[in-house]
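Each remark here refers to the structure printed beneath this line.
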Amino acid sequence: MLLIPCPHCGPREEREFRCGGESHVARPSFAEAPNDEAFAEYLYVRTNPRGVQAERWHHLYGCRRWFNLLRNTVTHEITAVYPMGAPRPEPAP
């Protein structure tokens, strides 16, 4: 069981959360009228790295807030938790 450190409630079991996918995915600007290919890439293409990835998580059965974290996709180690809208921190070496 993955133990996720909610920045508002403290460490909680994974079953209280829902993963919202990769963080920091830039939405195409509607002011520039994005084409279908750019919008499809925004909706469906993700990096899916082997290693550290920034993810959005929702504390569904707790404070019901969203936050970001850095998680190693191989070991599931969580190295940073930070609020929505904050820049991605550098992963620890």
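The values are calculated or read from the model by the stated rules, or taken from the named source; none is laboratory data. All values derive from a computational prediction rather than experimental measurement. Cβ coordinates were reconstructed from backbone atoms using ideal geometry, including for glycine residues, and neighbour counts include every protein chain displayed. Side chains included, ligands, DNA and RNA excluded: accessible areas come from the protein's heavy atoms. Shrake-Rupley method; radii C 1.70, N 1.55, O 1.52, S 1.80 Å.
Details
- The string of couplings for the range 40-54 from the Karplus curve (6.51, -1.76, 1.60, θ = phi - 60°) is 5, 5, 4, 6, 10, 9, 10, 6, 6, x, 9, x, 6, 9, 8 Hz, one whole number per residue in order, with x for Gly and Pro.
- If R0 equals 22 Å, the separation of the Cβ atoms of H58 and E90 corresponds to a calculated FRET efficiency of about 0.35.
- Net charge in the neighbourhood of N35 (other residues with Cβ under 15 Å of its Cβ; Lys, Arg +1, Asp, Glu -1) is -3.
- Taking amide H atoms as placed 1.01 Å from N in the peptide plane, the amide H of C6 lies under 5 Å from those of R12, each 5 or more residues away in sequence or on another chain.
- Placing +1 on the Cβ of every Lys and Arg and -1 on the Cβ of every Asp and Glu, with no other charges, gives the chain a dipole of roughly 360 debye about its Cα centre.
- For the range 61-72, putting each phi into the Karplus relation 6.51 cos²θ - 1.76 cosθ + 1.60 with θ = phi - 60° gives couplings of 10, x, 7, 6, 9, 9, 7, 10, 8, 9, 10, 7 Hz, in residue order, rounded to whole numbers and with x for Gly and Pro.
- Shown is the FRET efficiency for V25 and M1, computed with R0 = 30 Å from the Cβ-Cβ distance and rounded to the nearest 0.05: 0.60.
- Mean sequence separation of contacting Cα pairs (under 8 Å, at least six apart), scaled by the length of the chain, corresponds to a relative contact order of 26 percent.
- Projected onto their three principal axes, the Cα atoms of the range 46-87 cover extents of 30, 22, 20 Å, largest first.
- The share of accessible area on the chain that comes from carbon and sulfur is 51 percent, using a 1.4 angstrom probe.
- Its residue count N sets the reference 2.2 N^0.38 Å, and the alpha-carbon radius of gyration of the chain equals 1.20 times that reference.
- Coupling constants for the range 23-31 follow from the phi torsions by the Karplus curve (6.51 cos²θ - 1.76 cosθ + 1.60, θ = phi - 60°), and in residue order they are 8, 6, 8, 6, 7, x, 6, 7, 5 Hz; glycine and proline get x.
- Local net charge near L70, Cβ-Cβ under 13 Å (Lys/Arg +1, Asp/Glu -1): -1
- Charge dipole of the chain about the Cα centre (unit charges at C-beta), most positive-ward option of I78, L43, H8: H8
- Solvent-accessible surface of the chain, averaged per residue with a 1.4 angstrom probe and all protein chains in place: 69 square angstrom.
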